[in-house]
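A.B. asks: Encoded as structure tokens, here's the structure I'll be asking about.
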Amino acid sequence: MSLTSADLGLLAQGLGLTAWMTLWGTLLALALAVPLALCLRSNRFWINAPARVYVEVMRGAPLVLLLFLLYYGGPQIGLRLSAPAAGIVGLGFFGAGAFAEILRAGLNAVPTGDVEAASMLGINRIKCIVHIEIPQAARTVIPPIFGQTIILVKESAVLSVITIAELTKAASGLATITFSVQPFIVAALLYWALVEAIAQVGLAVERHYQIGGH
Amino acid sequence: MPNIEHAISARKVTKAYGTKTVLRDVDLTVEEGEVVCIIGPSGSGKSTLLRALAFLAPHNGGDIHIFGREIGWNGGAERKVKQTEKELAEARAPLGMVFQHFHLWPHMKAIDNVALALKLVHGKSALEAETIAFDALKKVGLDEHAYKHPHQLSGGQKQRVAIARALAVSPKAILFDEPTSALDPELVGEVLNVMRALADDGMTMVIVTHEMGFAAQAANRVVFMDHGAIVEDGPPADIFGNPKSERLRQFLETSRDRAI
């Protein structure tokens, strides 16, 4: 049997939820990643070590575990999050580890001499980070940031385990009712479309900020 | 604490990376208005010495004063009392620096490279900063290229922007770390001409260079370094015309051979 328009509507809603959750998850991840990356680069042990531990934990643990801990474990310590909130926080915490490593690498790629030139002119550390290091690093990290965002889109499929009706959840629900794989195929196409759209935005941003020459 | 104010005075400056000593008890004094060229084979420590003068390569022994004020450490390197970021910035304030690889900030136009410190450090308004920056670029002959990004400029033009950037904040002395070594041969002249004009204006300059012709013409003093130590220090006529040490004689011979 084929999918009805109501079924397609459900899938479209699932797609919307996937896109919405990933968008906020990514923004939260980026917001956390900037201070994390700066901490990772600090020479002081008590600043860089906690950041390093955070990154290692987020890299080592599967997202699904983090979601279980937040959604089912959270209430035990008084942290009651709605499913979408837990989903966004989970994606954000998870993505922040990966984004922080990307930003750290981007900041490391700024030539030492560019920073020395600033310091010779009396520009202090913080102003140098804001006006010289971050703007330069931002350009080099655009492609990997969008790549990681695409990974988050696909990782968001596990949000279904905390009852969020995102695209994968919607598709599997329909599949159970219709005894058909069609919903999965449609879902795969919708994921592809979303990922492709993000990749195109990434390319456009990359082109916009290119400083030529290379 | 030296009581006569030299532009730059380095006393017994030593620097080691682990067990490798790159500067051995270097004494160097530069007076205001002097142009001093530092020459020597690669690995002789000349760039390290220049970077030590600005505390970009922190020394582990001795002390360095810039216009009477100690830089990097308080009370000599041996006491290991490092200056705060603010103290270091104040000690560095009289110094400008020009690097071998320019180190212009690639995301900013030439004029913004020159204007940035005026805005961030010297409290100038955007308009004031731009006016001063434009004048500095004019001084190095690049007013027409003020609104280009570094990647649109040739190596020689980039280095002139870097000189303008150093000049714009009115330093009392400028350190040059092999300013023409990364340039195509046909672009060397335009940079040296700018430097010669600065020297004629009375700017205090310390220049690490492989350009023997320039050193012979433009310098008041030439310092020859080898193995982390100053071997000879004198007027260019003596250094090039009447080298006392065998090592300098050999060095001049090989660089002359290379020139032919």
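The values are calculated or read from the model by the stated rules, or taken from the named source; none is laboratory data. Every value quoted in this text rests on a predicted model; they were computed, and no experiment measured them. Heads up, the Cβs are rebuilt from the backbone with ideal geometry, glycines too, and the neighbour counts pull from every protein chain shown. For the accessible areas, the whole protein counts, side chains as well, though only heavy atoms, and no ligand, DNA or RNA atoms are used. Shrake-Rupley method; radii C 1.70, N 1.55, O 1.52, S 1.80 Å.
A.B. asks: How about region A:73-92: which of its residues are open to solvent by 30 Å² or more (accessible area, probe 1.4 Å), without any contact (Cβ under 8 Å) to a residue 24 or more places away in the chain and on the phi < 0 side of the Ramachandran plot?
C.D. replies: A:PRO75, A:GLN76, A:ILE77, A:LEU79, A:ARG80, A:LEU81, A:SER82, A:ALA85
A.B. asks: Restricting to region B:30-68, name every residue that is within 14 Å of chain A (Cβ to nearest Cβ), farther than 19 Å from B:MET203 by Cβ and not polar (S, T, N, Q).
C.D. replies: B:ARG51, B:ALA52, B:PHE55, B:LEU56, B:ALA57, B:PRO58
A.B. asks: Can you tell me which residue among B:ASP257, B:ASP233, B:ASP226, B:ASP238 is of a type outside the set (A, V, I, L, M, F, W, C) and open to solvent by less than 60 Å² (accessible area, probe 1.4 Å)?
C.D. replies: B:ASP226
A.B. asks: Okay, moving on. If you take just the helices (runs of 4 or more DSSP H) that sit entirely in region A:93-169, which of them hold at least 1 residues that are open to solvent by less than 30 Å² (accessible area, probe 1.4 Å) and of a type outside the set (A, V, I, L, M, F, W, C)?
C.D. replies: Per the criteria, A:112-120, A:134-155.
A.B. asks: I've got another one for you. Considering each residue of region A:170-214, count those that are without any contact (Cβ under 8 Å) to a residue 60 or more places away in the chain, β-branched (Val, Ile, Thr) and in a helix (DSSP H, G or I), and give that number.
C.D. replies: Counting residues in region A:170-214 that are without any contact (Cβ under 8 Å) to a residue 60 or more places away in the chain, β-branched (Val, Ile, Thr) and in a helix (DSSP H, G or I) gives 6.
A.B. asks: Just checking, how many residues over region B:86-106 are within 9 Å of chain A (Cβ to nearest Cβ), open to solvent by less than 30 Å² (accessible area, probe 1.4 Å) and of a type outside the set (A, V, I, L, M, F, W, C)?
C.D. replies: Residues flagged as within 9 Å of chain A (Cβ to nearest Cβ), open to solvent by less than 30 Å² (accessible area, probe 1.4 Å) and of a type outside the set (A, V, I, L, M, F, W, C) within region B:86-106 amount to 2.
A.B. asks: State whether one or more residues within region B:210-229 are touching a Phe, Trp or Tyr at 6+ places or on another chain (Cβ under 8 Å), among the β-branched types (Val, Ile, Thr) and either more than 14 Å from chain A (Cβ to nearest Cβ) or not in a helix (DSSP H, G or I) (or both).
C.D. replies: Yes, there is a match, as at least one residue in region B:210-229 is touching a Phe, Trp or Tyr at 6+ places or on another chain (Cβ under 8 Å), among the β-branched types (Val, Ile, Thr) and either more than 14 Å from chain A (Cβ to nearest Cβ) or not in a helix (DSSP H, G or I) (or both).
A.B. asks: Give the residue that is modelled with the highest pLDDT, with candidates limited to residues of region B:1-33 that are polar (S, T, N, Q) and open to solvent by 70 Å² or more (accessible area, probe 1.4 Å).
C.D. replies: B:THR19
A.B. asks: Run B:ARG249 past the list (1) over 22 Å from B:VAL22 (Cβ atoms); (2) open to solvent by 40 Å² or more (accessible area, probe 1.4 Å); (3) within 15 Å of the chain's Cα centre (by Cα) and report the number of the one that doesn't hold.
C.D. replies: Exception for B:ARG249: condition (3).
A.B. asks: How many residues are open to solvent by 10 Å² or more (accessible area, probe 1.4 Å) and within 13 Å of another protein chain (Cβ to nearest Cβ) when one looks only at region B:151-164?
C.D. replies: Qualifying residue count, region B:151-164: 6.
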